[in-house]
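Data first, discussion second: the structure below is written as structure tokens.
The values are calculated or read from the model by the stated rules, or taken from the named source; none is laboratory data. What you see is a predicted model; the values in this text were computed from it and never measured. Ideal geometry is used to build each Cβ from the backbone, glycine not excepted, and the neighbour counts take in all protein chains shown.
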Number of protein chains: 2
Amino acid sequence: MSPYEAPEPTIGRLAIYLRCLRQAAKEGLQTISSADIEQRTGITSGQVRKDLSYFGEFGKPGLGYAVGPLLARLSKIMRLDREQKVIIVGGGNLGSALAGYLGFGESGFRIAAIFDKDEKKIGKKLWQHEIKDTAQLASFNSGAGVEIGVIATPASTAQEVCELLANAGVKAILNFAPVRLKPPAGVVVRNVDLTQELEVLSYFLPREAG
Amino acid sequence: MSPYEAPEPTIGRLAIYLRCLRQAAKEGLQTISSADIEQRTGITSGQVRKDLSYFGEFGKPGLGYAVGPLLARLSKIMRLDREQKVIIVGGGNLGSALAGYLGFGESGFRIAAIFDKDEKKIGKKLWQHEIKDTAQLASFNSGAGVEIGVIATPASTAQEVCELLANAGVKAILNFAPVRLKPPAGVVVRNVDLTQELEVLSYFLPREAG
DNA sequence: TAGATTGTTAATCGATTAACAATC
DNA sequence: TAGATTGTTAATCGATTAACAATC
């Protein structure tokens, strides 16, 4: 159901190329080769060409890629040619940090609203946003039409929040709670598991000889 | 240089098995089969057995795995049989959220200290921790001996912080800044790129027909 | 033209899945 | 014993890498 068929790792790298191209554009470069991209990102030039080839022919042999046009094309492929709004559920530490992190910076994402079900949090201001009651999520989004949600709640309520978001019309969810969500059909979930990341690092710590 | 040779994806799943086993132990289960683990984690039973087989033979045919002993063995393999301490660099939103997130909860990780180079932040209390000057990182850690660091600074200072951590004896780094770090030999880096995650989600949003 | 760099094909690599003999 | 479930081997799948003809 993706617009173009490409391996998932390719999509992750597309985001990296995008960042690289924004930087190149900022530096005033007109043209960039796959070898240049390799140097900036560490992704091999062959891989870069292969990845781009899933979506079309963007370069000119002997010259490379025109920075502006490629940036525009990739932005469109990634649906980042429009402003993407995000709903955050969970007004705790993590939700607050994410709101701050995304709300400022040049991420290109805009916080539409922050929700929590804790009465003690509802009504409080987080950055610009007054925390809303999750009970109002669906009615809020019937107007706002936000398609991306972030779950920054405890694991125990994450599945419930997932369904709430789905019912409100959200189509893609970034989940920080350490549970495997079962999203309804038509909703994509990606997981970021901070504890898991640290545990994997722990594995790679050097050991005593023997 | 890893203790046992296993594919990296396997290590990520080991962390998931660990969480699953902790839960099973909490429920009082004595024994768990790879099929049980599949049901709880979504990872197929064959994959579970394959993953475990890289590290030894832990199960009994016909019976499954003894929960307690397997938990102990995996904890040891992951180096989570001891308390793992973490240094956080960056006392902004993200650093603060991570400190809160890891400091409480049953993650098993303990925050050793939080550092920042911003004079306005140094000395402030974040949860239990008074933010220290990054200039003191090495001297602090010559005593503390922390092996895991988290970079929660802007991209512009991340490489510098990476080197600071490495010089202080940190062996594994979780990097939240959107840059490809070049760590010195002997230091492992994992990246968590929140903007990239959202961008990938954006790609998977449904498109208009045609 | 000569030099550079693309897009793509074929070869390689590595991880997942299927299947089953061994064994509790 | 009969039934269940492991550990492992071989088959499959998918992604990365190497290499090069096409072309600016």
Look through the range B:87-110, keep the residues that are outside any loop (DSSP other than H, G, I, E, B) and either farther than 13 Å from A:L194 by Cα or not assigned by TED's automatic domain parsing to the domain that holds B:G149 (or both), and return whichever of them is modelled with the lowest pLDDT.
B:N93
Of (1) within 19 Å of the chain's Cα centre (by Cα); (2) farther than 24 Å from A:G108 by Cα, A:R22 satisfies every one except (2)
Consider A:A72 carefully, then state whether it is within 11 Å of chain B (Cβ to nearest Cβ) and closer than 27 Å to B:V179 by Cβ.
no
Of all residues in the range A:127-156 being touching a strand residue (DSSP E or B) at 6+ places or on another chain (Cβ under 9 Å) and hydroxyl-bearing (S, T, Y), which is nearest to B:N93 (Cα to Cα)?
A:T153
Based on this model, can you work out whether A:F140 counts as of a type outside the set (V, I, T), assigned to a helix (DSSP H, G or I) and assigned by TED's automatic domain parsing to the domain that holds A:I173?
yes
Positions within the range A:39-59 being more than 6 Å from DNA strand C (Cβ to nearest atom) and surrounded by fewer than 16 Cβ atoms within 10 Å (Cβ to Cβ), in sequence order:
A:Q39, A:G42, A:T44, A:Y54, A:G56
Of (1) among the charged types (D, E, K, R); (2) in contact with a strand residue (DSSP E or B) (Cβ under 8 Å, 6 or more places away or on another chain); (3) within 17 Å of B:S202 (Cβ to Cβ), A:R82 fails just (2)
In the range A:1-33, which residue that is charged (D, E, K, R) and not in a helix (DSSP H, G or I) is modelled with the highest pLDDT?
A:E27
Please state which of the following conditions B:R207 fails to meet, knowing it meets all the rest: (1) buried (at least 17 other Cβ atoms within 10 Å of the Cβ); (2) over 27 Å from B:G145 (Cβ atoms).
(1)
With more than 10 Å from chain B (Cβ to nearest Cβ) and away from DNA strand C (no atom under 16 Å from the Cβ) as the only criterion, which of A:E83, A:E106 stands out?
A:E83
Which of the residues spanning the range A:112-137 are among the aromatic types (F, W, Y) and more than 21 Å from A:C162 (Cβ to Cβ)?
A:W127
Within the bounds of the range B:116-123, is there any residue that is basic (K, R) and either within 14 Å of chain A (Cβ to nearest Cβ) or surrounded by 22 or more Cβ atoms within 10 Å (Cβ to Cβ) (or both)?
no
Tell me the residue from A:S33, A:S53, A:S75 that is of a type in the set (S, T, N, Q) and within 19 Å of B:Q196 (Cβ to Cβ), please.
A:S75
Which one of these is under 20 Å from A:L80 (Cα atoms) and more than 13 Å from DNA strand D (Cβ to nearest atom): A:L14, A:L21?
A:L21
Which members of the range A:34-53 meet the condition of being in contact with a helix residue (DSSP H, G or I) (Cβ under 6 Å, 6 or more places away or on another chain), in a helix (DSSP H, G or I), within 9 Å of DNA strand D (Cβ to nearest atom) and among the polar types (S, T, N, Q)?
A:S45
Among strands (runs of 3 or more DSSP E) completely within the range A:146-210, the ones holding 1 or more residues that are polar (S, T, N, Q) and free of Cβ contacts under 8 Å to residues at least 60 places away in the same chain are A:172-175, A:188-191
Of those in the range B:1-32 that are of a type in the set (S, T, Y) and within 12 Å of DNA strand C (Cβ to nearest atom), the residue surrounded by the fewest Cβ atoms within 10 Å (Cβ to Cβ) is B:S2
Just the residues that are more than 9 Å from chain A (Cβ to nearest Cβ), closer than 16 Å to B:A138 by Cβ and either in contact with a Gly (Cβ under 8 Å, 6 or more places away or on another chain) or crowded, with 19+ Cβ neighbours inside 10 Å (or both), please, taken from the range B:167-200.
B:A168, B:G169, B:V170, B:V187
